[in-house]
Amino acid sequence: MIRPKYEFCDPSEYQGSPDDMDGLPPNLPVIPTFVQHRRHGRLHKYELEMAQHPVRARMCGFGEKDRRPLDPPPVVRLRVRDSDGEFMHNEDVEIWKFVVSATLWAPTSDHDRSIVINPNTLPGPVPMYQSSSSVISLSEPVKVRNLVGTTVSNAYLLKDENDNLNIFFIFHDLSVRTEGQFRIKFQFAVIPSEDDPRAFVESVTWSSIFEVYSAKTFPGMTDSTELSKAFATQGIKITIRKSSRGRSYHGRFDDNQDDDGDNEDDDDDNDAGPASPPTPSSGLR
């Protein structure tokens, strides 16, 4: 019997460190999109939608150094309706309690692909004949996150490529360990307060299907989108390619990347992954 190239497992079986579990709790009840939900004495409706879909990525494997982000970075937009069903002005929305969590899924089925077994920890074939001194490893295979990086984003009040102010959630630091086709599920929630300790997934949206390539087959980074460029000019540290043949830079115009968006010194610069965006300050109430 041929063993599959990668073996995925249920996220509930994952026993990573507490710092590794930065997503929303797995069993939050889901409020269907557009259903009214009372918050702070008012009725709000939350509508989550994709503003920018990932297209491709180079797999990062099971090491911790050579991590390549999804290209372009996924971006999610939130729109809020008031009790009359009208869209609220984004400046009037209290965004500081808003979070969106990302999980990795199979392209055409409801199978979570966020957790994968490290193939390097699987037991090898057992020889038919063994010497009396042979030792068989009884250690359990190691389960690791397949979607690597910052899987939760706070809300940011930013202008898009058309100079329109919107509430965005930016996932500029996501990588995938394994090759194949995937999509990402984004879930929006409001951080509970002392007055209202309940937490719900209040809106859900999905990315389109994207391809993760091996290092040998990866066709290279795409040209940076106008939306990514707009975020970079507003201080978000997001990798920007100047042209299809040019060099790349992070937001704030750090010209320290090569033509594929990879750091020139892979041994020193890839450990930490892309830098995190600044703490959101706009739209606080």
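Observations
- One residue from S83, S12, S17 being at pLDDT 70 or above and among the polar types (S, T, N, Q): S83
- The listed residue being in contact (Cβ under 8 Å) with a residue 40 or more places away in the chain, in a strand (DSSP E or B), among the hydroxyl-bearing types (S, T, Y) and over 23 Å from T222 (Cα atoms), out of S101, S83: S101
- Filter pass, L138 being aliphatic (A, V, I, L, M), buried (at least 20 other Cβ atoms within 10 Å of the Cβ) and either over 15 Å from the mean Cα position of the chain (by Cα) or modelled with pLDDT under 95 (or both): no
- Whichever residue in the stretch 141-174 is among the polar types (S, T, N, Q), under 18 Å from the mean Cα position of the chain (by Cα) and surrounded by fewer than 22 Cβ atoms within 10 Å (Cβ to Cβ) and, among such residues, is nearest to N118 (Cα to Cα): T150
- As a summary of the residue check, D160 satisfies the conditions (1) out of contact with any helix residue (DSSP H, G or I) (no Cβ under 8 Å at 6 or more places or on another chain); (2) modelled with pLDDT of 90 or more except for the one numbered (1).
- When residues of the stretch 202-223 are limited to those that are hydroxyl-bearing (S, T, Y) and in contact with an Asp or Glu (Cβ under 9 Å, 6 or more places away or on another chain), the one nearest to A51 (Cα to Cα): T205
- Some residue of the stretch 44-58 being of a type in the set (D, E), crowded, with 16+ Cβ neighbours inside 10 Å, outside any loop (DSSP other than H, G, I, E, B) and modelled with pLDDT of 80 or more: yes
- Residues satisfying the stated conditions in the stretch 228-242, i.e. assigned to a helix (DSSP H, G or I) and either touching a residue at least 60 places away in the same chain (Cβ under 8 Å) or among the small types (G, A, S) (or both): S228, K229, A230, F231, A232
The values are calculated or read from the model by the stated rules, or taken from the named source; none is laboratory data. A quick note: this is a predicted structure, and the numbers were derived from the prediction, not measured. Every residue, glycine as well, gets a Cβ built from its backbone with ideal geometry; the counts of neighbours run over all protein chains shown.
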